[in-house]
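Taking it in order: structure first as structure tokens, then the write-up.
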Amino acid sequence: MHSLSAHDHDLMAVRPSHPHFIVVGSGFSGAVLARRLVEEIKSAKVSILEERPHLGGNCHTERDAATGVMLHVYGPHIFNTDDSRVWDYVNQFAVFEPYVHRVKAMTPRGVFGLPINLHTINQFFGKTFSPEEARAFITTRGDRSIGEAQNFEEQALKWLGRDLYEAFFRGYTRKQWGCEPRELPASILKRLPVRFNYNDSYYDKKFQGIPHDGYSALIEKILTHPRIDLRLGERWSPASVLEKTHLFFTGPLDAYFDCRFGRLGYRTVSFERHEQQGDFQGTAQMNYSERDIPWTRIIEHKHFAPWETHERTVYYKEFSKETEHDDTPYYPKRLAKDMPVLACYRALAREQNHVSFLGRLGTYRYLDMAPTIGEALNFADRFLSAWLSGATLPIFSNVEADGL
Ligand code: UDP
């Protein structure tokens, strides 16, 4: 087959008058982009190919048949953002209920609140520190010999000192990521705040909540449009898209290229379901810090919807493991050994002329829902402006990977 180079493609960038786009995957990236395409190009059609029997990717929620509880089927999803464009966007498609996430950690010394806050520090060290005293105390415990932290462990030792690191992060992180914390990037720990006040909200963001009817209902609304055709249970194959105008791929970047340079590292998650009367743990998320307890956390779903009442309860024990061939990838590991492989896939992606890669899996980054939506909106702007002007089309939803 003769394939056009990106350069040839640019020279003939006369766009078809009735484009038929294909989006692979119906998570937030695919849904937000599909909607923008049909809204902005009135003659366009979008087909979404979703290999699972449901939409929403790993954000999928569904009502449990036995108990009526709304399940976060692939693990907890709490919407949080400072970005008012993203918040306004999702609020067009769902009613958000106020919800503040408060996580507890089970340790051999008792139950503590996370993220580390003044209450955690006072409880853990048996003190009654004021905010300034706690800050001074933690500073003395932090390892001041560490300059710029090069990895997760150094970041934790520098910020918190060994006691808090060992109690809350070391065992959990080894279970969650299947490697030593010093092999992981410091950015993973930087996701979590450390606070010297009694604010125990897991997130710092201005806008937080959970959609009243769940995430799948929200995404279904985004996709409800006469020119969007959602094909559930339809697996993507190169043959299904060759004739179409442009493909937007939100699945794993390495899988698109048949893993020809080897697999990028991902962790996957499995769940063990339990059901009982009443309330199992009194909160939505309990983390298990100890390395010898095989699960990382227990998620009790009805606590994500405090506006509902249920007599029975469902909880999932969550286990983390390496992603094998048929597993769903969840967490991009981005270890040092993954980065040259990623560079090879990125270079190959830039040589294609009819495909763009979006989202957590398509760009191999640890992205939450709100940044994913923000990025899909920005990508749609960049794509539409290039499409309409005949310019080179963007390849990745993260601008820096485009290398433009
Ligand atoms: N983490 C930890 N102990 C905890 C909670 C988090 O060691 O009790 C570490 C762990 O490495 C985890 C990372 O902090 O992967 C980020 O946590 P977050 O809650 O953001 O993870 P997610 O909810 O995305 O799984």
Filter segment 178-190 for residues that are in contact (Cβ under 8 Å) with a residue 60 or more places away in the chain and within 9 Å of the ligand (Cβ to nearest atom); the one that is farthest from ASN91 (Cα to Cα) is LEU184
Scanning segment 281-298 for residues that are more than 8 Å from the ligand (Cβ to nearest atom) and of a type in the set (Gly, Ala, Ser), the one farthest from TYR316 (Cα to Cα) turns out to be GLY282
The residue that is farthest from ALA167 (Cα to Cα), considering only those in segment 304-317 that are buried (at least 20 other Cβ atoms within 10 Å of the Cβ) and within 15 Å of the ligand (Cβ to nearest atom), is PHE304
Restricting segment 78-88 to residues that are open to solvent by less than 30 Å² (accessible area, probe 1.4 Å) and in contact with a helix residue (DSSP H, G or I) (Cβ under 7 Å, 6 or more places away or on another chain), the one nearest to the ligand (Cβ to nearest atom) turns out to be ASN80
Per the filter on segment 149-159, residues within 12 Å of the ligand (Cβ to nearest atom) and aliphatic (A, V, I, L, M) are ALA156
Does at least one position in segment 164-177 carry a residue that is out of contact with any Pro (no Cβ under 9 Å at 6 or more places or on another chain) and open to solvent by 60 Å² or more (accessible area, probe 1.4 Å)?
yes
**Asked** If you check VAL269 against the conditions, is it open to solvent by less than 30 Å² (accessible area, probe 1.4 Å) and either within 25 Å of the chain's Cα centre (by Cα) or of a type in the set (Phe, Trp, Tyr) (or both)?
**Response** yes
Of (1) more than 10 Å from the ligand (Cβ to nearest atom); (2) modelled with pLDDT of 95 or more, PRO193 fails just (2)
Over segment 35-63, the set of residues closer than 23 Å to MET369 by Cβ, in a loop (DSSP other than H, G, I, E, B) and in contact with a Lys or Arg (Cβ under 9 Å, 6 or more places away or on another chain) is GLU51, HIS60
When every residue in segment 160-177 that is free of Cβ contacts under 8 Å to residues at least 40 places away in the same chain and within 12 Å of the ligand (Cβ to nearest atom) is compared, the one nearest to the chain's Cα centre (by Cα) is THR173
In segment 361-404, anything in contact with a Pro (Cβ under 7 Å, 6 or more places away or on another chain), in a helix (DSSP H, G or I) and either open to solvent by 20 Å² or more (accessible area, probe 1.4 Å) or closer than 21 Å to LEU264 by Cα (or both) is listed as LEU361, ARG382, ASP402
Within segment 318-333, residues out of contact with any Phe, Trp or Tyr (no Cβ under 7 Å at 6 or more places or on another chain) and within 15 Å of the ligand (Cβ to nearest atom) come out as SER320, LYS321, GLU322, THR328
Quick count over segment 89-132, residues being buried (at least 17 other Cβ atoms within 10 Å of the Cβ), more than 12 Å from the ligand (Cβ to nearest atom) and small (Gly, Ala, Ser), is 1
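The values are calculated or read from the model by the stated rules, or taken from the named source; none is laboratory data. Given the structure is predicted, the values throughout are model-derived calculations rather than measurements. Neighbour counts run over all protein chains shown; Cβ positions are idealised from the backbone, glycine included. Remember, those area values only see protein heavy atoms, side chains included, never the ligands or the DNA or RNA. Shrake-Rupley method; radii C 1.70, N 1.55, O 1.52, S 1.80 Å.
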